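Below is one structure, written out as structure tokens; the observations come after it.
The values are calculated or read from the model by the stated rules, or taken from the named source; none is laboratory data. Owing to the predicted nature of the structure, the values given are computational and were not obtained by experimental measurement. Neighbour counts run over all protein chains shown; Cβ positions are idealised from the backbone, glycine included.
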Amino acid sequence: MKIFRLIQFSLSKRKSEFFTFLILSTLSWSINIIMPYIIGDYIDNLINVKAMENIYRFTLISIILTIFAIISSYLSNMKKVKIVTNISYDLKEKLLLQLTKTSQIELKKKDAAYLSQRIFSDTEEISSFFITNSIGIVIQVLSIIIVGFMLFKIDWLMSLVLMIFVPIYIISYLAFKKPLYEKGYSVKEEENIFFSDVSYKISNIYFIKLNSLYQNILTEVREKYEKLYNIIMKFTKLAYIFSSLGSTINNLAKIALIFIGGVRIISGNLTIGEFTIMSSYFAIFIGAVNYFLELGKTYQSALICLNRIGEVSTLEKESNGNELIGHIDDIELKNVSFSYNGNGNIFKPISYLFEKGNIYCIVGENGSGKSTLINVILNIYNNYQGEVFINNKSIKNIDMICARRDLFSVAEQNPALFESNLEANLKYSIDNCDLELLNYYVEAFKLYNGESRSNLSEKKVNKKNDTISGGEKQKVSLIRALLKDSHCLILDEPSTYLDEDGMNALKKILYEVKDNKIVIIVTHDDKIRGLADYVFSVNK
């Protein structure tokens, strides 16, 4: 039920596809149920009445049913893959959106590669488990009822033998339920941790090369692998014992069937055709019971995934008000300080007023909390002490997600560029980009050195951002921030990678735009400080 509630939002968009999948699966199952009876009846007819017409009739029926079975099975599997893939994606999208609204402090505690792998694997398993078993449970229950009835109808004695094995299945599941869950959870966690560690080392290969840390890295990876290997082996042993119970019971049931069936045929109480039917139905019945035994194991695994998804969903959310504002005239800090988990303030309490029409420089030593203060102003870090006001309204009451989107623009020191081309990165997230203004900024910063602007769309940016220089990245970040028609412009160390032409362009442009904005610059650069109307220092 919990799994259904998790995926209900996605499944509701695909009702017709899901219904079609159920019909096709049911059709395929029905043919599998009918075929053993037809074969058994054919064998008895062949023994009693040696007529070619029986052979023709059976062959024709078999061909028709086989064609229907193949087509329905193919279409059913295609529908299943389509539904599972889409539900899995919807879950990933939902979790990604939740993470974007999770407290930044909380996210900093998590490893991105570990979290990504965990979300990817858990959503895949949850969606596959539900779709597979939503029809699987119904079909297997029907199999037990219908096949059980047919078995008792054909020979009640042999059917009673079959029933003896059912309680053994149930007892074995109850015995293994808890240890399977606990060990399965440990395996998933260690797999994600190992993946995260390997990803981290791959991303730092340059550092490894510089310091020739090959042996150190291999030693660390082997240690992590040995821990993972031991946990996997313990889980595998337990899972194998659990699965072997099903195989053992199944084999014992077959032996009983062969022995008792043979005796019943010799005594004249059972025909060969009926024995054939019972053999097939016996296998279907045992398979159905075994399905529920295996379902216990897969359910524990799915439950682990469900709980882990729940852990991601319940991460502390970024607090956000609901009051919308249409402009920013001033930002006021009143005794604002910040600490991580209450372990001492990053900077001393700050009271300050930022007003439109001015350029402000925030200075301070490395680690003094300048960037942290910016995150407080933007409500990225919201567990601060003191008060932050915009237009005399507490940012705790303001919809700061919308405010950051519409009223703030930030140029980061190390900006995130996306896998595309340079022009797409310049215009990213900017609706109705002013191309004339874009051309002006591109020329001012000499981003393409006087060549055709078409070069911007031809120059590719990859995920690693190693196809462009640090200076180009910073210029892209600055232009992107300037193109956004914001009320507050925040620049984090904007001169770090700028050449002299870039610096001159930045100074000129800031003077041009400052009348309609609050401009806040975090910097160590004395040249930038010279631009400021006001300078204040952040101290530890």
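Here are a few things to note about the model shown:
- Checked against (1) in contact with a helix residue (DSSP H, G or I) (Cβ under 8 Å, 6 or more places away or on another chain); (2) more than 22 Å from R405 (Cα to Cα); (3) assigned to a helix (DSSP H, G or I), K446 passes all but a single condition, namely (3).
To keep it simple, each residue is scored yes or no on (1) out of contact with any helix residue (DSSP H, G or I) (no Cβ under 7 Å at 6 or more places or on another chain); (2) under 30 Å from S267 (Cβ atoms); (3) of a type in the set (F, W, Y).
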site	(1), (2), (3)
T85	yes, no, no
E93	yes, no, no
K101	yes, no, no
G148	no, yes, no
L151	no, yes, no
V166	no, yes, no
I170	yes, no, no
A175	yes, no, no
V187	no, no, no
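- A single entry from L157, L180, L174, L142 fulfils the requirement of being aliphatic (A, V, I, L, M), under 23 Å from Q300 (Cα atoms) and surrounded by fewer than 18 Cβ atoms within 10 Å (Cβ to Cβ): L174.
- Taken as a whole, the condition of being assigned by TED's automatic domain parsing to the domain that holds V476, modelled with pLDDT of 90 or more and in contact with a strand residue (DSSP E or B) (Cβ under 8 Å, 6 or more places away or on another chain) applies to L407.
- Here A113, A51 are screened, and the one residue that is modelled with pLDDT under 90, in contact with a helix residue (DSSP H, G or I) (Cβ under 9 Å, 6 or more places away or on another chain), of a type in the set (A, V, I, L, M) and crowded, with 16+ Cβ neighbours inside 10 Å is A113.
- Residue list for segment 514-531, filter: of a type outside the set (D, E), closer than 16 Å to Y497 by Cα and out of contact with any strand residue (DSSP E or B) (no Cβ under 8 Å at 6 or more places or on another chain): K527
- Exactly one residue among I509, I518, I479, I490 is of a type in the set (V, I, T), closer than 30 Å to V535 by Cβ, in contact with a Cys (Cβ under 6 Å, 6 or more places away or on another chain) and at pLDDT 85 or above, and that residue is I518.
- From the list S279, S319, the lone residue that is under 28 Å from M150 (Cβ atoms) and not aromatic (F, W, Y) is S279.
- For the criterion of being of a type outside the set (K, R), part of a helix (DSSP H, G or I) and surrounded by fewer than 17 Cβ atoms within 10 Å (Cβ to Cβ), L96 passes.
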